[in-house]
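Note sheet for the following structure.
The values are calculated or read from the model by the stated rules, or taken from the named source; none is laboratory data. Note that the structure is predicted; figures quoted are calculated from it, not measured. Quick reminder, even Gly has a Cβ in these numbers, built from the backbone with ideal geometry, and neighbours come from all protein chains shown.
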Amino acid sequence: MDLHIHSALSPCADDEMTPNNIINMAMLKKLDMIAITDHNAIENVLPAIKASSNKPLVIVPGIEITTQEEAHLLAYFPTYEALDLFYHEIKVYLPERKNRPDIFGQQHIFDANDHLIGEDERLLMNAIQLSFDRLVALIIQYQGAPVPAHVLRDSFSVYSQLGYFPEGLPIKTIELNDKHSMAVSEKIKKELAFFKHIYSSDAHYLADILERVFFIDLIDQSTSNLVSWLSS
Ligand SMILES: [Zn+2]
Ligand SMILES: [Zn+2]
């Protein structure tokens, strides 16, 4: 599986990251499950779910949220409806500023056939004005699993933004990827040993989507089983 892939809705992702291109690349790589996790937005998730409906590939409803502290927090939900309800609650906390595509990049919205049907006009690179702790609580409230993203990166991670790993939160799984750039002390190693981890690509280009290198054992390939695994 590869649970951290950006579509062209994320301003920093390549324009070729359409729902069907992502699905076809994931199938070429023989992945079983993927998630499209755009920055502070979800518009290309449902088109991807629809486009994969007759394929042996599960799309896990997800998002990568920028918290008020500018830490990146992944969230995965058992159903698209749960993701949509959650998103409805948090999207009003994205500051009302317009994207400048010439500076930040385009934010393309597609349908299930990869037709470009619009642009998200909000500045998705902004932070959602809710704290890390509050967002974790909201994700749980909507039956989701919170997964701090790229925790060993020296930017946009819990360590880089909060300075420590927050204790006492209902977080069971963290994300690691190849872009580790932080010096890892013994203290950090000890802290992280308490968590399960997923390994993902954080792909912004088709070629970056993972090969078949990361596995977890699930009873079946359902999103609800995956979310239970991530949150227990
Ligand atoms: Zn990130
Ligand atoms: Zn990302």
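Which residue is nearest to the chain's Cα centre (by Cα), if the candidates are limited to the stretch 183-225 and must be surrounded by 14 or more Cβ atoms within 10 Å (Cβ to Cβ), over 16 Å from residue 171 (Cβ atoms) and of a type in the set (A, V, I, L, M)?
Among those that are surrounded by 14 or more Cβ atoms within 10 Å (Cβ to Cβ), over 16 Å from residue 171 (Cβ atoms) and of a type in the set (A, V, I, L, M), it is 203.
In the stretch 109-129, what residues are under 17 Å from the mean Cα position of the chain (by Cα) and part of a strand (DSSP E or B)? Show your work before the answer.
Looking only at the stretch 109-129, we keep the residues that are under 17 Å from the mean Cα position of the chain (by Cα), and these are 109, 124-128.
If the condition is that a residue be under 17 Å from the mean Cα position of the chain (by Cα) and part of a strand (DSSP E or B), then 109 is the only one that fits.
Among the residues of the stretch 188-204, how many are within 15 Å of ligand 1 (Cβ to nearest atom) and either farther than 11 Å from residue 178 by Cβ or out of contact with any Phe, Trp or Tyr (no Cβ under 8 Å at 6 or more places or on another chain) (or both)?
Residues flagged as within 15 Å of ligand 1 (Cβ to nearest atom) and either farther than 11 Å from residue 178 by Cβ or out of contact with any Phe, Trp or Tyr (no Cβ under 8 Å at 6 or more places or on another chain) (or both) within the stretch 188-204 amount to 5.
Among the residues of the stretch 162-172, is there at least one that is in contact with a Ser or Thr (Cβ under 8 Å, 6 or more places away or on another chain) and at positive phi? Walk me through it before giving the result.
First, the residues of the stretch 162-172 that are in contact with a Ser or Thr (Cβ under 8 Å, 6 or more places away or on another chain): 170, 172.
From what's left, at positive phi: none.
No, the stretch 162-172 contains no residue that is in contact with a Ser or Thr (Cβ under 8 Å, 6 or more places away or on another chain) and at positive phi.
Considering each of 139, 174 in turn, give the residue that is more than 22 Å from residue 44 (Cα to Cα) and crowded, with 20+ Cβ neighbours inside 10 Å.
Answer to the check: 174.
What helices (runs of 4 or more DSSP H), lying completely within the stretch 24-105, carry at least 1 residues that are more than 16 Å from ligand 2 (Cβ to nearest atom) and either among the basic types (Lys, Arg) or modelled with pLDDT under 95 (or both)?
The qualifying helices (runs of 4 or more DSSP H) are 45-51, 101-104.
When you scan the stretch 205-232, how many residues do you find that are among the aliphatic types (A, V, I, L, M) and within 16 Å of ligand 1 (Cβ to nearest atom)?
Result for the stretch 205-232: 2.
I need the full set of residues from the stretch 47-65 which are out of contact with any strand residue (DSSP E or B) (no Cβ under 6 Å at 6 or more places or on another chain), within 22 Å of residue 175 (Cα to Cα) and surrounded by fewer than 24 Cβ atoms within 10 Å (Cβ to Cβ), in order please.
If the condition is that a residue be out of contact with any strand residue (DSSP E or B) (no Cβ under 6 Å at 6 or more places or on another chain), within 22 Å of residue 175 (Cα to Cα) and surrounded by fewer than 24 Cβ atoms within 10 Å (Cβ to Cβ), then 57 is the only one that fits.
Of all the residues that make up the stretch 164-179, how many are under 24 Å from residue 141 (Cβ atoms) and not aliphatic (A, V, I, L, M)?
Here the count works out to 8.
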